[in-house]
Every structure is written in C-alpha cells, then in structure tokens.
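All of the numbers you see were taken from the coordinates with simple rules; none came from a lab. Note that the structure is a prediction, hence the values are computed from the model and not measured. Note that we place each Cβ from the backbone using ideal geometry, even for glycine, and neighbour counts take in every protein chain shown.
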Amino acid sequence: MTSPNLSLLFAAFKQYSQTVFNPAFWIPFLVAVKIIGLILTVIFFIGIIILTIRSNLLAEKWQEAFYLIRGGYKIKNRFSRQWQKVYHLLDEKSETYWKLAMAEADKIFDQFLIAIGYSGKNPEERLENIRDYQIPTIEDIKKTHQFIREVLKNPNSKISYEEARDAVMVYENALKELEAI
C-alpha cells in the first residue's frame, strides 16, 4: 500500500505527463518557433544581400561575367596590341606625338567600354554610366578625359611630357585593373 504523499506524487506526475505529452500542449509553442524562425531567415537573407552589395562582390562578379561573355581573352589581346601604339607615340620627343598618345589612350579606353557593354552616344555618356563600385578610379578617368578633350580642342595648347604620361597612365592603370591589357 502506498502512502498518501506518494499517491499524490503519482497523480501529479500522471497529470503532468498527460499535459506535456499531449500534442495540443505543444502546437502554440511550435507555431511561435516557426514564425520566429521565418522572421530571422528573412532578416538574415536581407542582411546577406546588403552586405554583398556593399562589399562590391556582386559588381566584381558582373565584371567577370561580362569579361568572359564578351570574349575576354580576345579583347585583352586586341587592346594590348593597340596599347603598344600609345607607348610608341609617348616615346617620341615631340609634343604633337604626346597629344596623339593621349588621344589614342582615350579612344582605346572608350572602345573597351563599348566592348564590355557600356551604352551611350559618346564617351562622356558612357563614362557617366559607370559607378565607382564598377571602376574605382572612374573620377580620375573622367578628369583625364576632360583634360584630354580640352588639350585636343585647342591646337595651341602646350603640354609637358609628364602631363601626357600622367594622362596615359590613368587609362593604363584602369585598363590593367580591368584586365584589358
């Protein structure tokens, strides 16, 4: 025979086990866990998208895709050959040749932009369509393009070898960064 305290304990345990092992007891809790899990999944997914955009990872992958889709290696060979002409013009000892080197560098960069799919009626529009996460040195490129346009508009303008070399180097660095040469 059991003592009254022990029978109370068994009754309480029976009551507890019937409650805890009853599916109706757990349904509200499980629904709440599912809702919280869904909310956290959406928050983390949005966070991943934001971090990917901010880290420029997506822009780099798009650039790689354009490079491969557009026949990247053919483009690289083509522009590397054209760039040799810029070097030869810059090596000359005449200001006229330096101006031609700058004009050729500007033209090659514009042709590269067209080849990888940037749209616009003219080089200025194509440069405006570029964001700094796509080409980090875009502001330098825009300034250099403007400088070259001003020099070429005025046939009496004087430039030094260093100015010509610096302008060409802006384009050269950008094209190397974009793996075009």
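Remarks
- As a rough guide to protection, the peptides 136-144, 101-109 ranked by mean Cβ packing within 10 Å, highest first, stand as 101-109, 136-144.
- With eigenvalues of the C-alpha gyration tensor scaled by 5 and rooted, the chain, Å: 72, 15, 13
- Global geometry of segment 93-163, whether rounded, prolate or oblate, following the gyration tensor of its Cα atoms and the 1.5 cut on a/c: prolate
- Ranked packing of 152-160, 164-172, most packed first, by mean Cβ within 10 Å: 164-172, 152-160
- Scalar couplings 3J(HN,Hα) for segment 169-179, obtained by applying the Karplus form with A = 6.51, B = -1.76, C = 1.60 to θ = phi - 60°, are 5, 4, 5, 4, 4, 5, 5, 5, 4, 8, 6 Hz; x denotes Gly and Pro.
- Evaluated at q = 0.16, 0.20, 0.21 Å⁻¹: base-10 log I(q)/I(0), Debye formula over Cα of segment 4-54: -0.64, -0.76, -0.78
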